[in-house]
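Okay, structure first, notes after.
The values are calculated or read from the model by the stated rules, or taken from the named source; none is laboratory data. Only a predicted model underlies this, so the values are computations on that prediction, with no experimental measurement involved. Counting neighbours? That spans all protein chains shown, and the Cβs are built from the backbone with ideal geometry, glycine included.
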Amino acid sequence: MKNIDLEKYSSAFTLADMEIFVFPELMYSLLLANIMSPLIWKWREDKSFKKLEGKDPYKKLMRLRQFIMDEFEFNLDLETWGLTDKKSEIKRFENFLTEKEISESNALFGYEGDKYYYDVDIRKHFGLDKYTTDIIPYWKTETVEAMNAFRHKKGYKTGAGECVSLSTLYAAAAFIVCGIPLEDIFLILTPLHSQNYIDINDGIITNNRRLVTKAMWFNGTETSDKAQRALRNEQITMVAHTSGLIHCLYKDATINKTEYQKFLGKLNNYLYYPLEPLGVANFLRSKGQYQKHFQFCRDCRGNAQFIKAEKLFSYEHGSNFRVCDPTHEKLLAEVHEEDFSNHEYAKRIRCDQFKEYMGKKKPDINTEDGRKELAHVLSDYIPDSEKFVAELYDFLHIEPRLPSEDKNYINGEPIKITPDMSREQIIDYLKSIRDKNTIADLAFYAYRDMETCDWQPYIKSAIERSPVSIGMTKDKSIQECFDWLANMPNESIYDNKRLAQPDEVANYGRGDGIEKAITLANIIHKREPTKKIDININKEKVVLTADEKFEFESPKGFEKDIIIS
């Protein structure tokens with residue numbers, strides 16, 4: 001393979017966040033690899049999904065949310081996949097992006113996002129402060145098999161994965177289990193996060209294990225505020241879609257321009273909430289410091305009674321009812337009588353009167369004049385009313401920083417698979433377009449299909465980027481390393497003729513004989529880089545020769561000779 005292809009194709013096995021940033025095709029390739037996986041197709045047989053057959057995709061998606069929350073946890077352990085350093089990785093990628101481009105746009109190479117991330121100290125936020133500033137983690141994106149295999153790792157009771165893993169898992173499951181077309185799913189990456197926008201109802205954004213509807217996005221809770229951080233504070237690096245992708249740094253875009261423009265409109269609509277009572281109440285929930293300027297009023301047998309806003313919001317804790325939504329009256333009914341006053345509180349805005357004002361005057365806070373007018377109306381009650389209105393506007397209106405539309409659009413071969421196709425039909429179709437669609441071709445590498453893929457990228461990734469297996473065995477002799485591997489269950493986390501990488505073998509404590517042999521080869525090569533290592537695979541028998549011979553067994557059925565030197 002050409003060097004430029006070898007680096008990209010070997011990255012399909014590592015799938016580190018930094019590799020996806022440099023080789024953006026890998027993102028959708030991982031999604032397709034998960035769609036080919038038999039594991040997610042088995043979810044269809046779960047009785048909770050069986051009950052929803054024939055129901056609309058939204059109901060299935062809500063059930064999927066609970067399923068994923070039950071079966072997977074969010075994992076951002078820096079050492080799960082080991083550590084590397086900036087110098088080595090910048091050297092790897094120098095033929096693709098400059099050091100300046102990478103450092104200004106990628107979290108691992110110096111990017112710190114907007115004000116929020118400067119405030120929290122990004123390296124400390126992610127636990128990197130215990131290392132030198134040159135050390136960075138291999139945040140490897142897991143396939144669904146690797147996510148599922150966390151159950152075998154000490155300290156985990158369920159599957160697990162980082163944000164990119166969870167976003168591609170969600171997208172694949174939304175397609176397979178919920179029947180949502182890929183045309184309606186957009187993968188959104190920022191330097192520090194990965195989310196999906198699903199075009200259903202008013203829109204849904206996936207956020208790690210959760211789903212966020214538009215109503216939830218603007219409800220002002222701590223969970224929703226955290227879900228907003230990436231789109232509020234970061235440049236969106238890439239948008240990937242079944243028609244192609246667009247990247248903030250690359251001039252060429254393969255995404256269909258019409259589809260991208262449609263996405264922009266949908267996302268902007270999702271991120272906008274009108275100025276109305278519920279929106280203001282949600283803002284007050286998020287910005288509790290302003291609650292002291294408001295009061296709520298109720299009618300009690302013909303008499304007005306008043307309650308301080310902060311007191312009413314406190315009743316939401318432990319209640320199923322919320323301020324200003326359809327359950328507002330039920331929330332008022334839960335309030336103790338002594339918390340109401342028969343007298344209006346001075347210097348506090350009456351929310352019923354404010355609601356009436358908004359209905360009649362309809363101030364447009366999307367304009368500077370509208371914001372000034374509203375600030376003037378509130379100035380008798382809120383000392384810094386202009387700041388209040390500015391923050392209210394920011395809360396109700398997020399302007400995402402997306403890759404520019406000004407790109408060179410290349411009409412490539414789109415991925416055309418539909419929810420009514422079987423898994424086998426999808427795999428056959430993707431095989432048929434491998435020679436004209438790089439994303440489809442890379443998908444089989446991410447899928448680990450070693451029957452149809454070149455082994456050179458697999459070996460390159462295994463030998464160069466598997467630090468965990470090296471670290472776990474640093475105090476063992478080569479014979480002890482062999483014994484450690486031989487005593488593991490002789491089972492791969494991948495079915496059929498698919499192979500794990502050495503660090504997956506090390507982390508999950510199991511592996512096929514071929515996988516164990518390559519793990520041992522990685523350890524030997526690290527200690528003696530000039531030593532020639534031969535691996536002979538003759539169906540069930542695997543023999544590694546490096547001065548000494550080490551034998552393993554494999555049911556994978558391969559016949560292959562591998563030389564590492």
Number of the exception - Phe49 against (1) surrounded by 24 or more Cβ atoms within 10 Å (Cβ to Cβ); (2) farther than 24 Å from Ser243 by Cα; (3) of a type in the set (Phe, Trp, Tyr):
(1)
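Of all residues in the stretch 308-338, which are in contact with a Leu (Cβ under 8 Å, 6 or more places away or on another chain), of a type outside the set (Lys, Arg) and either at negative phi or not assigned by TED's automatic domain parsing to the domain that holds His376 (or both)? Walk me through how you get there before you give the answer.
Quick first cut of the stretch 308-338, residues in contact with a Leu (Cβ under 8 Å, 6 or more places away or on another chain) only: 309, 312-313, 315-316, 319, 321-325, 331-332, 335.
Retained after the next criterion (residues that are of a type outside the set (Lys, Arg)): 309, 312-313, 315-316, 319, 321, 323-325, 331-332, 335.
Residues satisfying the conditions are Ala309, Leu312, Phe313, Tyr315, Glu316, Ser319, Phe321, Val323, Asp325, Leu331, Leu332, Val335.
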Of the residues in the stretch 454-481, how many are buried (at least 20 other Cβ atoms within 10 Å of the Cβ), in contact (Cβ under 8 Å) with a residue 60 or more places away in the chain and not in a helix (DSSP H, G or I)?
2
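Having 1 or more residues that are closer than 20 Å to Leu271 by Cα is the bar; report the strands (runs of 3 or more DSSP E) wholly within the stretch 204-260 that clear it. Before you say what the answer is, go through the steps one by one.
Numbers: elements: 204-207, 210-213, 238-241, 244-247.
Here the list reads 204-207, 210-213, 238-241.
Residue-wise test of (1) surrounded by 19 or more Cβ atoms within 10 Å (Cβ to Cβ); (2) modelled with pLDDT of 95 or more; (3) assigned by TED's automatic domain parsing to the domain that holds Ser29.
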{"position": "Ala172", "(1), (2), (3)": "yes, yes, yes"}
{"position": "Phe175", "(1), (2), (3)": "yes, yes, yes"}
{"position": "Ile188", "(1), (2), (3)": "yes, yes, yes"}
{"position": "Pro191", "(1), (2), (3)": "yes, no, yes"}
{"position": "Ile198", "(1), (2), (3)": "yes, yes, yes"}
{"position": "Arg210", "(1), (2), (3)": "no, no, yes"}
Look at Ile426 and say whether it is assigned by TED's automatic domain parsing to the domain that holds Leu32, part of a helix (DSSP H, G or I), in contact (Cβ under 8 Å) with a residue 60 or more places away in the chain and of a type outside the set (Asp, Glu).
yes
Determine whether the stretch 359-372 contains at least one residue that is surrounded by fewer than 12 Cβ atoms within 10 Å (Cβ to Cβ), under 30 Å from Val239 (Cβ atoms) and in contact with a strand residue (DSSP E or B) (Cβ under 6 Å, 6 or more places away or on another chain).
no
Based on what the data block shows, is Pro419 modelled with pLDDT under 95 and either closer than 26 Å to Leu189 by Cα or in the same structural domain as Pro24 (by TED's automatic domain parsing) (or both)?
no
Test result for Leu78, closer than 23 Å to Ile135 by Cα and either in contact with a Phe, Trp or Tyr (Cβ under 8 Å, 6 or more places away or on another chain) or among the aliphatic types (A, V, I, L, M) (or both)
yes
Wholly enclosed helices (runs of 4 or more DSSP H) of the stretch 1-44 bearing at least 3 residues modelled with pLDDT of 95 or more and buried (at least 24 other Cβ atoms within 10 Å of the Cβ):
3-14, 25-36
Test set (1) farther than 21 Å from Glu276 by Cα; (2) at pLDDT 95 or above - Ala304 fails condition number
(2)
Which one of these is within 15 Å of Phe294 (Cβ to Cβ) and at pLDDT below 95: Pro414, Pro383?
Pro383
Only one of (1) modelled with pLDDT under 95; (2) over 24 Å from the mean Cα position of the chain (by Cα) is not met by Arg401, so which one is it?
(2)
Answer yes or no as to whether Asp299 is in a strand (DSSP E or B) and surrounded by fewer than 18 Cβ atoms within 10 Å (Cβ to Cβ).
yes
Got a number for residues in the stretch 385-417 being farther than 13 Å from Leu231 by Cα and not in a helix (DSSP H, G or I)?
14
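Looking at Gly279, is it of a type in the set (Gly, Ala, Ser), closer than 30 Å to Ile236 by Cα and either in contact with a Leu (Cβ under 6 Å, 6 or more places away or on another chain) or outside any helix (DSSP H, G or I) (or both)?
Details: of a type in the set (Gly, Ala, Ser): yes; closer than 30 Å to Ile236 by Cα: yes; either in contact with a Leu (Cβ under 6 Å, 6 or more places away or on another chain) or outside any helix (DSSP H, G or I) (or both): yes.
Spelling it out, Gly279 is indeed of a type in the set (Gly, Ala, Ser), closer than 30 Å to Ile236 by Cα and either in contact with a Leu (Cβ under 6 Å, 6 or more places away or on another chain) or outside any helix (DSSP H, G or I) (or both).
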Looking at (1) over 33 Å from the mean Cα position of the chain (by Cα); (2) touching a residue at least 24 places away in the same chain (Cβ under 8 Å), which is the only condition Ala333 fails?
(2)
Looking at (1) aliphatic (A, V, I, L, M); (2) crowded, with 16+ Cβ neighbours inside 10 Å; (3) over 27 Å from the mean Cα position of the chain (by Cα), which is the only condition Ala390 fails?
(2)
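Residue-by-condition table, conditions (1) charged (D, E, K, R); (2) in contact with a strand residue (DSSP E or B) (Cβ under 6 Å, 6 or more places away or on another chain):
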residue	(1), (2)
Gln235	no, yes
Lys257	yes, yes
Leu267	no, yes
Leu275	no, no
Val280	no, no
Leu312	no, yes
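Going by the conditions given, is Thr367 under 24 Å from Lys266 (Cβ atoms) and either small (Gly, Ala, Ser) or not assigned by TED's automatic domain parsing to the domain that holds Leu264 (or both)? Break it down into steps so the answer makes sense when it comes.
Numbers: under 24 Å from Lys266 (Cβ atoms): yes; either small (Gly, Ala, Ser) or not assigned by TED's automatic domain parsing to the domain that holds Leu264 (or both): yes.
Yes.
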Pairs where the first residue, in the stretch 541-555, is not assigned by TED's automatic domain parsing to the domain that holds Pro529 and the second is not acidic (Asp, Glu), C-beta under 9 Å, 6+ apart:
none
Take the conditions touching an Asp or Glu at 6+ places or on another chain (Cβ under 8 Å), of a type in the set (Phe, Trp, Tyr) and either in contact (Cβ under 8 Å) with a residue 12 or more places away in the chain or in a helix (DSSP H, G or I) (or both) and apply them to Phe321. Does it pass?
yes
Of the residues that make up the stretch 76-89, is at least one of a type outside the set (Val, Ile, Thr), within 25 Å of Lys157 (Cα to Cα), at pLDDT 95 or above and surrounded by fewer than 22 Cβ atoms within 10 Å (Cβ to Cβ)?
no
